[in-house]
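Asker: I have a structure I would like to understand better, so I am pasting it below and will then ask my questions one at a time.
What follows is calculated from the coordinates using simple rules that are stated; it is not laboratory data. If you're wondering where the values come from, they're calculated on a predicted model, not measured in any experiment. Here the Cβ is made from the backbone with ideal geometry for all residues, glycine too, and neighbour counts use every protein chain on show.
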Amino acid sequence: MKTLILFFGTLYGMFSIVLGAFGAHAFKKILTVQRLESFEVGVKYQMYAALYLLMIGFFLDFHAGIEKTVGWMMIVGVFLFSGSIYLLSFQEVWNLNLKFLGPITPLGGLFMILSWALLMVVILNAKFH
């Protein structure tokens, strides 16, 4: 599990740099300012998640189920949150109606928040035991 968490941390980090570079250069020419700003939010939160995953990957041992849940919640959360933002940002460019993805974004955000909350429980549990 530790390797998987570190893998996703590096994968998300790498792709946030790549997508951020495309957003700063190539996508500026095809996305509206509003859509580009949304896209950049997805990139920013993906990088935060990458750093988070690397942090927990180095510091947790993932023997307890709650620690595994902390990792999976962030992996799935950023995929849903940032992934849905990326797709929604391009719906006009691709001439597709992807508005059905709108509820996916806050669901991904909720998973990310829950991951942080569960990490707090892990830390408090370790502190008092």
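Asker: Using r as the Cβ-Cβ distance of Lys2 and Ile113, and R0 as 25 Å, what FRET efficiency do you calculate, to the nearest 0.05?
Answerer: Details: r = 23 Å, r/R0 = 0.92.
Efficiency, rounded to the nearest 0.05: 0.60.
Asker: Taking the 0 to 90 degree range and rounding to the nearest ten, how far is the long axis of helix 65-89 tilted relative to the main principal axis of the chain, both from C-alpha atoms?
Answerer: Long axis of 65-89 versus the principal axis of the chain: about 10 degrees.
Asker: Sum up the lysine pairs in segment 2-123 that clear both bars: alpha-carbon distance under 23 Å and a spacing of 8 or more or different chains. Walk me through the numbers before you get to the answer.
Answerer: Details: Lys2/Lys68; Lys28/Lys44; Lys28/Lys99; Lys29/Lys44; Lys29/Lys99; Lys44/Lys99.
Final tally of qualifying lysine pairs is 6.
Asker: Taking 0.36 nm per intervening residue step and subtracting the Cα-Cα distance, what contour gain separates Leu96 from Phe59 on full extension?
Answerer: Working: separation 37, 0.36 × 37 = 13.32 nm, distance 4.25 nm.
Stretched out fully, the Leu96 to Phe59 stretch lengthens by 9.1 nm.
Asker: On each of the three principal axes of the Cα atoms of segment 2-123, give max minus min coordinate, whole Å, ordered largest first.
Answerer: 46, 27, 18
Asker: Here's a follow-up. Quick one: helix 2-24 against the long Cα principal axis of the chain, what's the angle to the nearest 10°, folded into 0 to 90?
Answerer: 20
Asker: A further question follows. In whole Å, how far is the Cα centre of segment 17-66 from that of segment 67-101?
Answerer: First find each Cα centre; the distance between them is then 11 Å.
Asker: Given labels modelled 7 Å from the Cα in the Cβ direction, how far is it in nm from Ala126 to Phe22?
Answerer: 3.6
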